[in-house]
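Reading through the structure tokens given below for one structure.
The values are calculated or read from the model by the stated rules, or taken from the named source; none is laboratory data. It should be emphasised that the depicted structure is a prediction, and the values quoted were computed from it without experimental measurement. Reconstructed Cβ throughout: ideal geometry from the backbone, glycine too, with neighbour counts over all protein chains shown. Side chains included, ligands, DNA and RNA excluded: accessible areas come from the protein's heavy atoms. Shrake-Rupley method; radii C 1.70, N 1.55, O 1.52, S 1.80 Å.
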Amino acid sequence: MRVANSRGPEAVKQFADEIGAGAADIYRAAEGADVVLLSMPFPAVAKLPNDLFNRAAEGVVIIDTANYYPEVRDPHIPEIDAGMPESVWISQQLGRPIFKAFNSIMFHALSELGKPEGSPDRLAIPVAGDDARAKQIVMGLVNEMGFDPVDGGSLEESWRQQPSTPAYCCDYGAEKTREGIRAAVKGKAEKIRDNEWRENYGRLFANKPTYADVHADVIAMNRSLNPL
């Protein structure tokens, strides 16, 4: 396993050592890789070199974990603002098929709340994408990390797991996550994200608490914005 960021191997070495990975530049991170996990701000994707994945394994599985938060973290991207699913835009920038996964779970839950397969109350993570074989690889990774994988449909349908949808960051199990995906309404989440969510999120973090202290409050807020 290799890790890279935009500032080079030395800048990422400490993090790589902590997780037992090798520090690399972006080309070395992709070279020979069967799976590449992209976790970066949206504008940075458009600046990646066109030949980045040329030395990756044939059929490399690329997973996008990012979420679009205009005016909070990201500049406006006209295509996404007009309704293009976030990961479809990412796929177009890369010129590669990708999968949307790990975006709809908070980092505290991802690091602390995984459970063995078959455990009661196991949390779920949806996976959206178009290639059935590669999707099974992504869903297998979700399972290995301690979560129930849920098929989120095609990449075009990945808007159903974007910010402020009913399945997004609510710490649900598989059945409830599927219900949330089905309940999503096109165009509704963006209005929630830019109004109620932004106001409530700012209030929760006004005193700069540690994230672990407010995780339950964030989950309760997200559920209240899209009750199932």
Looking at segment 24-35, is at least one residue modelled with pLDDT of 85 or more, open to solvent by 70 Å² or more (accessible area, probe 1.4 Å) and under 30 Å from residue 80 (Cα atoms)?
yes
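Can you tell me which residue is nearest to residue 134 (Cα to Cα) among those in segment 86-96 that are in contact with an Asp or Glu (Cβ under 6 Å, 6 or more places away or on another chain) and not hydroxyl-bearing (Ser, Thr, Tyr)?
Checking each candidate, the answer is 90.
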Of all residues making up segment 107-116, the number that are of a type in the set (A, V, I, L, M) and either assigned to a loop (DSSP other than H, G, I, E, B) or open to solvent by 60 Å² or more (accessible area, probe 1.4 Å) (or both)
1
Checked segment 72-122 for anything over 15 Å from the mean Cα position of the chain (by Cα) and aliphatic (A, V, I, L, M); matches are 72, 77, 80, 82, 84, 94, 113
So if I check each of 87, 119, 104, 164, which one is open to solvent by less than 70 Å² (accessible area, probe 1.4 Å) and touching a Pro at 6+ places or on another chain (Cβ under 8 Å)?
104
One residue is enough: does segment 157-172 have a residue meeting the conditions in contact with a strand residue (DSSP E or B) (Cβ under 6 Å, 6 or more places away or on another chain), closer than 13 Å to residue 103 by Cβ, modelled with pLDDT of 95 or more and hydroxyl-bearing (Ser, Thr, Tyr)?
yes
In segment 175-196, which residues are more than 23 Å from residue 98 (Cβ to Cβ) and open to solvent by less than 20 Å² (accessible area, probe 1.4 Å)?
192
Which of the residues belonging to segment 19-74 are assigned to a helix (DSSP H, G or I) and under 22 Å from residue 103 (Cα atoms)?
19, 26, 29, 30, 42, 43, 44, 45
For segment 126-145, give me each residue that is surrounded by fewer than 19 Cβ atoms within 10 Å (Cβ to Cβ) and in a loop (DSSP other than H, G, I, E, B).
130, 131, 145
Checklist (1) among the β-branched types (Val, Ile, Thr); (2) at pLDDT 95 or above; (3) out of contact with any strand residue (DSSP E or B) (no Cβ under 7 Å at 6 or more places or on another chain); (4) farther than 15 Å from residue 129 by Cα applied to residue 72, failing item
(2)
So, first residue free of Cβ contacts under 8 Å to residues at least 40 places away in the same chain in segment 27-38, second residue of a type in the set (Lys, Arg), Cβ within less than 8 Å, six or more apart or across chains; the pairs are 27/55; 28/2; 29/2; 30/55; 31/55; 32/55; 33/2
